[in-house]
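Worksheet for the structure shown next.
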Amino acid sequence: MKTSNNGLITLENERILAQFNPQDGARLVRLVEKSTGTALIWTNKRTKHVTRYYGCNYDDLSNGGVEEAFPTVQPCAFADAEKLPFFGEIWAIPWEAQMHGDTLTMSCLCPIFPAEVKKTFSFSQDGWSLMTNYEIRNIGMQAFQYVFGVHPSLTLFEDSRLYAPPERYSLCVSMPQTITGPQEMTWPRWGNLDFRYAMPADSLGCYQLVGMPVQGNHYGVYHPSAGVGIDVAYDPGFFRCLSLWPIYGGFRGHMCLMSEVFTCYPAALDEAVRLGLAETLLPGTTVKTSVVYTLLMSNPAKEESR
C-alpha cells in the first residue's frame with residue numbers, strides 16, 4: 001500500500017493500478033490497466049476538487065469511480081422519522097483504512113442507522129482481478145430494513161463495446177428520444193438502437209435500462225482501440241437489480257457507463273419497504289457479498305452486424 005500526499009491509497013500489481021480515497025466515501029477513484037495506461041473507470045473531472053459532504057446531492061457532486069449506497073439510494077423519509085439523504089449515509093463520509101498483508105480494509109459507521117459497513121480490496125491470485133468483499137453488520141438492538149447498492153462508473157470511448165446479461169429490461173429513460181412510461185426490451189436492442197455499440201459524445205444520448213430480477217452475473221465494456229476492457233461480476237442472488245446508464249453527452253455532458261447493482265428496484269427505501277422488497281438485518285448479524293473487476297484483453301460479446 002502506498003499513501004500519497006493527497007490522502008489517496010494505491011494498490012498495484014503487474015497488471016492493475018487501483019487508487020482509493022478513504023476520506024471521500026472510500027471510493028475507488030482510479031483503476032488502470034498498466035500495459036496500455038487505459039483508465040477503466042470514469043471520474044468526473046469537474047467535481048474532482050469539490051468537497052462532498054453528508055447529505056449533499058448525489059447528481060450534483062458525485063465524482064464517479066466506484067461508490068456504494070446504503071441504506072437507501074434515492075432520498076426518502078423513512079418511518080416518518082429518519083430523513084435519509086440521496087445515496088444514503090456512507091458514500092460521502094470518511095472511512096477508516098487499514099492494510100492487512102496485501103488486503104486493504106476500509107470501514108465506516110452510519111450516523112442514523114445502527115450499522116457498520118466494511119469493504120476489503122485485494123487482487124486475485126492470477127493478478128487479473130480486483131476483488132471487493134462487502135460486510136454490513138447490524139450493531140443495534142433492533143432489526144432494520146435496507147437497500148444496498150454498488151455504483152461503478154465505467155469509461156466509454158466512441159468505439160467501445162458494451163455487454164450485459166441477454167434478458168428482459170425496462171427502458172426507463174431515453175434521450176434524445178422520448179418515451180411514455182417504461183418500455184420493455186431484451187438486451188441488446190430496443191427499436192433501431194443496439195446498446196452494444198457506443199455512440200458519439202455529441203449524440204446527446206442518455207438511457208436507463210433496469211433488469212429485475214436478473215439471472216446473469218456479469219456485464220462490462222471492451223475498448224477495441226485500446227485492446228483492453230473490464231468485466232464486473234456480482235451475485236444476482238444478492239443484487240437482484242442491474243441498472244445500466246449509457247450516457248453520451250445527454251446528461252450534463254458526461255460520456256460514460258454509469259452502472260448499478262442494487263438489492264432491489266425501486267431503490268428508495270420507503271418504496272422498497274412498501275413493496276416488500278427491502279432486505280432485513282437482525283441485531284448482531286452480518287450480511288456479506290462481493291463484486292469482482294476483471295481485466296479483459298478481448299471482446300467477450302458476440303459481434304453482429306447492426
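Using a cut-off of 12 Å between beta-carbons, work out the net charge of the residues near G64 (Lys and Arg +1, Asp and Glu -1, G64 not included).
+4
More than 18 angstrom separation, counting every C-alpha pair in segment 53-201; what % is that?
So the pairs more than 18 Å apart make up 70 percent of the total in segment 53-201.
For segment 192-280, what is the accessible area per residue in Å², given a 1.4 Å probe and the full set of protein chains? Don't skip to the end; give the middle numbers.
On the way: 2950 Å² over 89 residues.
Per-residue accessible area for segment 192-280 comes out at 33 Å².
Taking 8 Å as the Cα distance limit and 6 or more residues as the minimum spacing, I'd like the relative contact order of the chain as a percentage.
For the chain, the relative contact order is 18 percent.
Could you please report the charge total around V221, scoring K, R as +1 and D, E as -1 over all other residues with beta-carbon less than 9 angstrom from its beta-carbon? Each step should come with its number before you reach the end.
Numbers: positive: R161; negative: D231.
Neighbour charge sum, excluding V221 itself: 0.
What is the local net charge at R46, summed over the other residues whose Cβ is closer than 14 Å to its Cβ (Lys, Arg +1; Asp, Glu -1)?
Every neighbour counted, the sum reads +2.
Based on the alpha carbon coordinates of the chain, what radius of gyration and maximum Cα-Cα distance (Dmax) apply, in Å?
18.7, 58
Taking 0.36 nm per residue of sequence separation and subtracting the Cα-Cα distance, how much length would be gained by fully extending the chain between E135 and K288, in nm to one decimal?
54.6 nm
Calculate what fraction, in whole %, of the accessible area of the chain sits on carbon and sulfur atoms when a 1.4 Å probe is rolled over the protein chains.
Reported share for carbon and sulfur atoms: 51 percent.
Could you tell me the center-to-center distance, by alpha carbons, between segment 205-233 and segment 41-100 in angstrom?
Distance between centres, Cα-based: 23 Å.
Would you mind checking the pairs K83/K288; K48/K118; K48/K119; K45/K83 and listing those with alpha carbons more than 28 angstrom apart? Don't skip to the end; give the middle numbers.
Working: K83/K288 26 Å; K48/K118 24 Å; K48/K119 23 Å; K45/K83 30 Å.
From the list (K83/K288; K48/K118; K48/K119; K45/K83), the Cα-Cα distance tops 28 Å for K45/K83.
Go ahead and set up a Gaussian network model of the chain, Cα springs under 10 Å, then flag whichever of A69, A115, A143 fluctuates most.
Ranking A69, A115, A143 by mean-square fluctuation puts A143 first.
Stretched out fully, how many nm does the piece from S35 to T103 gain, at 0.36 nm a residue minus the Cα gap?
That pair, S35 and T103, stretches by 22.2 nm at full extension.
Can you work out the FRET efficiency for the pair Q142 and Y54, with r the C-beta to C-beta distance and R0 = 25 Å, to the nearest 0.05?
E between Q142 and Y54, to the nearest 0.05, is 0.60.
Under the definition of Cα pairs under 8 Å and six or more residues apart, what whole-number percent is the relative contact order of segment 63-169?
For segment 63-169, the relative contact order is 27 percent.
Taking every DSSP beta bridge that has both residues in the chain, what percent is antiparallel when rounded to the nearest 5?
95
If one computes the Cα centroid of segment 131-147 and of segment 18-39, what distance in Å separates the two points?
Centre-to-centre (Cα) distance: 25 Å.
Can you sort Y219, Y53 by solvent-accessible area, 1.4 Å probe, largest first?
The ordering from most to least exposed comes out as Y53, Y219.
Run lengths n ≥ 4 of DSSP H only: what is the helix-derived mean residue ellipticity at 222 nm for the chain, with -39500 (n - 2.57) per run over all residues, to the nearest 500?
After summing the helix terms and dividing by residue count, I get -500 deg cm²/dmol.
The values are calculated or read from the model by the stated rules, or taken from the named source; none is laboratory data. The structure presented is a predicted model; accordingly, all values stated were derived computationally and were not measured. Ideal geometry is used to build each Cβ from the backbone, glycine not excepted, and the neighbour counts take in all protein chains shown. Note: accessible area is taken over every heavy atom of the protein model, side chains too, but ligands, DNA and RNA are not part of it. Shrake-Rupley method; radii C 1.70, N 1.55, O 1.52, S 1.80 Å.
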